[in-house]
Amino acid sequence: MDPRSQNNSDNQIHCDGDEDQRSGGDENDKLQNFKHNINEGGEVIHENVKRIDMKKTLNDTTFILTCLKNHFVFYNLSEAELENIVNKMFYCEAAAGTYIFKQQDHATCFFILQRGSLEVIVNEKAKRELKTGDGFGELALLYNAPRSASVKCFENCNLWGIDRNTFRRAVEEMITKEYEENRKFMEVVRFFHNLTNEQKDAIAAVLIVQKFYKNQIIVNEGDPGSSFYIIKEGTVSVLKGNKEVRKLYKGDSFGEQALYYNTVRQMTVRAEDDVKCLALGRDSLTKILGDQVHVVTFRNLQKWAFEKNALLSKLTKAQIDKVLDVMKISSCKAGDVILKKGTQANQKIIVIIEGSLKKSKSGITVATKAQAWGEEYFLQTNKAKILDDDIVMETDGVIAEITADNFIDCIQGELEEVIKKNEKILEKKLQKSDQTKKKEAQNIKKSELLHIKTIAYGQFGPVYLVKAKYNQQLYVLKAFNKNQINEQTLEKQYLMLFLCTCNKRNKCWKQQISRLLYPS
């Protein structure tokens, strides 16, 4: 037994060259028969390791701190929080040839490998090797989900571990802070729009922030999936094989499949720069939403498909909601015929929830996940078109569909007519809004505007970005100088005011409010 092996203590003792004493000697027979360990709170640790009470040396503390700082689960913790976690970590051993845990086992602990080597196995296939300094089993800290892989010892191994409940207690303050940030962020993420405030509150409590560095793999194609990710910061690439399929940005999500059934990852996701994600485990979401998980995720994907579509996005929110209420959801196999060659093209509108849709003979993909297909055939010019190829499922998947009659019923008219009607109503609303803004602008005095910065210099003078003191509305103010006014024989000095708005990339444009703003 190591001379330092005694009752656990937070005292740090500097002691070099004594690591060889930790292997537990040649007690391999004992290591083969590990029993469940108990943590400080009296809870069972399920992993197949032999826990040894031991004081940490300064070398141990430095080693563990370095490993934690390089791990995405712990990056956001302060030095004090990290030190607190280090103090709570326990020392343990595992014997050559044994499994520390197996795929689908109950998960309790996260480990850092101090000595030895380990093999990661997924579905009985070797995936990677873990070496000194590598951390593994972090999902056990994030949510209560079964192990997604097995870990086997190539040789006798020495490790440091911490269980989920101890970890949670150690970072309670950080969790409270993250809860508030995540709850606020959820309000702008489309995935959560159909949830009640109570459901959002509950989900915010189980969301976990994870950080990934540039070129780091977030999920691997073919690996088991049990968590869903929302991008809080940064950009990721989605890869099929070695080919990039698309990029995802802040507010986008991936891994939805993992929320409603056991499946392997269909694609690899890689961080393009430093990325922060919110991770949500299937078991956690199921506890909160129950059998509503499918309803929420499927409906969100349908709604996104409508919002991204050039035609369907012109329907009102109420019209879209009516259509989604009627759409029929079904599972399909690769090769299933959705519409037959030689039939009318405007039979239905289809939304791809999972998988993709293609033309059978040509192999051309016509719709992928969160895309709608068939709406163009509802236009007058295309209504008589006949399909020149079977429309089939390219992969196994899930689709939502609505027949032409039901669609027309929901939106109360032909698509083109309804869109024109919606556009007229919208135009009237904008005109009314513009008139209101004009009236408001008529009453603004120069003294009520706060100068923010000079944007540019035009032919007749400078252009300023200003803000109204009473409502914080931004305006662009065009100023004409006296000399130019005299040259132009204008009777009075005036300032032209514009309403300032911003696009998605925060670049200002301006909409003129037809009025003169006289100096007060």
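Rounded to the nearest 0.05, the FRET efficiency derived from the C-beta distance between LYS102 and HIS294 at R0 = 25 Å is 0.30.
The apolar share of the surface of the stretch 237-381, taken as the fraction of accessible area on carbon and sulfur atoms (1.4 Å probe, ligands and nucleic acids excluded), comes to 49 percent. Highest mean packing first, where packing is the average number of other Cβ atoms within 10 Å per residue, the peptides 448-455, 201-208 line up as 201-208, 448-455. Sorted on the mean count of surrounding Cβ atoms within 10 Å across their residues, most packed first, peptides 148-154, 69-75 read 148-154, 69-75.
Placing R0 at 41 angstrom, the Cβ-Cβ distance between GLU180 and ASP388 gives a FRET efficiency of 0.15 after rounding to 0.05. Between LYS429 and GLU448, the contour length at 0.36 nm per residue exceeds the alpha carbon distance by 4.1 nm. Among TYR213, TYR470, the sequence by solvent-accessible area, most first, with a 1.4 Å probe is TYR470, TYR213.
Using the heavy atoms of the protein chains alone and a 1.4 angstrom probe, what is the accessible area of the stretch 245-289 per residue in square angstrom?
42
Across all Cα pairs in the stretch 215-256, the calculated P(r) in 10 Å bins from zero up to the longest distance comes to 26, 61, 14 percent per bin.
Annotation for SER362 and LYS214: the two label points, set 7 Å from Cα along the Cα-Cβ direction, are 4.1 nm apart. Size of the stretch 276-329 from its Cα atoms: along the principal axes, largest to smallest, the extents are 37, 30, 17 Å.
For the stretch 220-343, what percent of Cα pairs sit more than 18 Å apart? Taking all Cα-Cα pairs of the stretch 220-343, the fraction more than 18 Å apart is 65 percent.
Can you tell me the order of 383-390, 100-107 when each peptide is scored by its average per-residue count of other Cβ atoms within 10 angstrom, highest first?
Final packing ranking: 100-107, 383-390.
Per-residue extension of 0.36 nm, minus the Cα-Cα distance of ALA80 and GLN412, leaves a gain of 113.3 nm for this segment.
Taking Cβ atoms as reference points and 15 Å as the exclusive limit, the residues near ASN242 contribute a net charge of +2, counting Lys and Arg as +1 and Asp and Glu as -1.
Under the simplified labelling scheme, the ARG115-ASN165 pair shows an inter-label distance of 3.1 nm, with each label point 7 Å from Cα along Cα→Cβ. Remark: spin-label model distance HIS193-LYS467 equals 2.8 nm, labels positioned 7 Å along the Cα→Cβ axis.
The values are calculated or read from the model by the stated rules, or taken from the named source; none is laboratory data. Remember, it's a predicted structure, so these values are computed and weren't measured experimentally. Counting neighbours? That spans all protein chains shown, and the Cβs are built from the backbone with ideal geometry, glycine included. The area values use the complete protein model at the heavy-atom level, side chains included, leaving out ligands, DNA and RNA. Shrake-Rupley method; radii C 1.70, N 1.55, O 1.52, S 1.80 Å.
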